[in-house]
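The values are calculated or read from the model by the stated rules, or taken from the named source; none is laboratory data. Since the structure is predicted, the reported quantities are computational estimates derived from the model, not experimental observations. Using ideal geometry, Cβ is built from the backbone for each residue, glycine included, and neighbour counts are taken over all protein chains shown. All accessible areas refer to the heavy atoms of the entire protein, side chains included, with ligands and DNA or RNA removed. Shrake-Rupley method; radii C 1.70, N 1.55, O 1.52, S 1.80 Å.
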Amino acid sequence: MREPIRHWTQKNMPDLHGSYAVVTGGTSGVGFAMSAALLRHGATVIIVGKQASKGVTAAAKLRAQTGQQNVTFMGADLADQAATKHLANRLLRMLPKLDILINNAGVMMPAKRTLTRDGLELMWAVNYFAGFILTIELMPLLLRSDHARVVNVASIAMGRPHLTFNQFDGHDYRPWTIYTTTKLAQAMMVVKLNQLLTEAGQSVTVTGSSPGLAATSLKTISSRKTAWLMRMGALSFCLLPFLRQSPDQAALPALYAATDPNAQGVIYAPHAWRGLRGYPALWAWNQRPELHDQKLLDRLYRASRNVTGV
């Protein structure tokens, strides 16, 4: 595994004219910052979000901030598998190819367990299965690109993720454990999909990233809809704002993974404070045993195909 150059920034991004990018969760926060950077470097960008009014406003804001017009909002509820597959079908009809897919949309620790219409716990549905569906369903577009990249945006969240295969409905609801486990599953699928693509001789590369601690609306102190641990974290960020980095800085690991010619099929995170802040670097999660357990990787892939039907 090759480390990124020191202090890699948006200035190091290549020219992206002629490239097409899809960013889920691209209407705000770190996803918005990713989308803006891709636009500034010439890519045609499709941002995906749930709320139409928010998405239209975000697209207009991106045009105004970057001076680039090639941005489109597409609405989809990524908690709904049928809606996610419908989004993929729309993109298949709309785009000539796909060079960059950033699976960035996420839900972080609701206070109460929520089941989707597919019978999945909400974080599993959005954080993991939506990105899996899009990656598989959009593969025909990715294969039309010379060197397509898929980026699964994971998390620096500490704790003890524990992957079992009877927990996708969150019946034993522990917000922190489920959140970290969905992010572990994203990282594991980076490894497994790269294995499959390499065996097939395809040029698509699946990578992963973590934004570190980002100053975004994903963390809130006032809402009772989030778990108490989230509210305590938000309080600490209010008291110690220097702990968090800007969305532009937090976007760098994903942008490196998505655009740099030297990026590989591994996971990148900020280099300092144990992955909390800084510039893109290799992440310690690359050494987690789950990412090297072939039987576990194979089982997760089979379970994912079974749950999503793709």
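So which DSSP H runs in the chain come out at 30 Å plus along the axis (Cα) with average Kyte-Doolittle of at least -1.0? Qualifying helices, which must be both long enough and hydrophobic enough, are 175-199. If you average 1/r across every pair of different Cα atoms in the chain and take the reciprocal, what Kirkwood value do you get, in Å? One over the average 1/r among Cα pairs gives 19.2 Å for the chain. When the listed pairs Lys61/Lys85; Lys192/Lys295; Lys54/Lys183 are checked against a 21 Å cut-off, the alpha-carbon distance exceeds it for Lys61/Lys85; Lys54/Lys183. Residue separation of Ala200 and His17 scaled by 0.36 nm, minus their Cα-Cα distance, works out to 63.1 nm of gained length. Measuring between their Cα centroids, the range 123-179 and the range 183-200 lie 11 Å from each other. On a per residue basis, the chain carries 44 Å² of accessible surface, using protein heavy atoms and a 1.4 Å probe.
Less than 5 angstrom separates the built amide H of Val266 from those of Gly208, all sequence-distant by 5 or more or on a different chain.
What net charge is computed for the residues neighbouring Leu142, neighbours being all others with C-beta under 13 Å from the C-beta of Leu142, Lys and Arg scored +1, Asp and Glu -1?
Net charge in that neighbourhood comes out at 0.
Dimensions of the range 42-154 along the principal axes, based on C-alpha atoms and rounded to the nearest Å, stand at 41, 32, 24, largest first.
The fraction of accessible area contributed by carbon and sulfur in the chain is 52 percent, rounded to a whole number (1.4 Å probe; ligands and nucleic acids excluded). The calculated FRET efficiency for the pair Thr72 and Glu3, based on their C-beta separation and a Förster distance of 45 Å, comes to about 0.80. Each of Ile136 and Asp172 was given a label point 7 Å from its Cα along the Cα-to-Cβ line. The distance between the two points is 2.6 nm. Between Ala82 and Gln51, the distance separating the two model label sites (each 7 Å from Cα on the Cα→Cβ line) works out to 2.5 nm.
Please compute the net charge surrounding Phe32, taking Lys and Arg as +1 and Asp and Glu as -1 over other residues with Cβ under 14 Å from its Cβ.
+3
Can you give the calculated 222 nm mean residue ellipticity of the chain, where each DSSP H run of n ≥ 4 adds -39,500 (n - 2.57) and the sum is split over every residue, rounded to the nearest 500 deg cm²/dmol? Counting only the DSSP helices, I get -11500 deg cm²/dmol. Dipole check for the range 1-153: with +1 at the C-beta of Lys and Arg, -1 at the C-beta of Asp and Glu, and the Cα centre as origin, the magnitude is about 280 Debye.
Can you compute the FRET efficiency between Arg93 and Gln65 using 1/(1 + (r/R0)^6), with r the Cβ-Cβ distance and R0 = 41 Å? Round to the nearest 0.05. The partial results should precede the final answer.
Details: r = 29 Å, r/R0 = 0.70.
With R0 = 41 Å, the Cβ-Cβ based efficiency is 0.90.
When the Cα positions of Met123, Gln186, Leu39 are compared along the charge dipole of the chain, Met123 comes out farthest toward the positive end, with charges on each C-beta of Lys, Arg, Asp and Glu. In this structure the amide hydrogen of Val151, modeled in the peptide plane, comes within under 5 Å of the amide hydrogens of Leu101, Ile102, Asn103, Thr207, none closer than 5 places in sequence on its chain.
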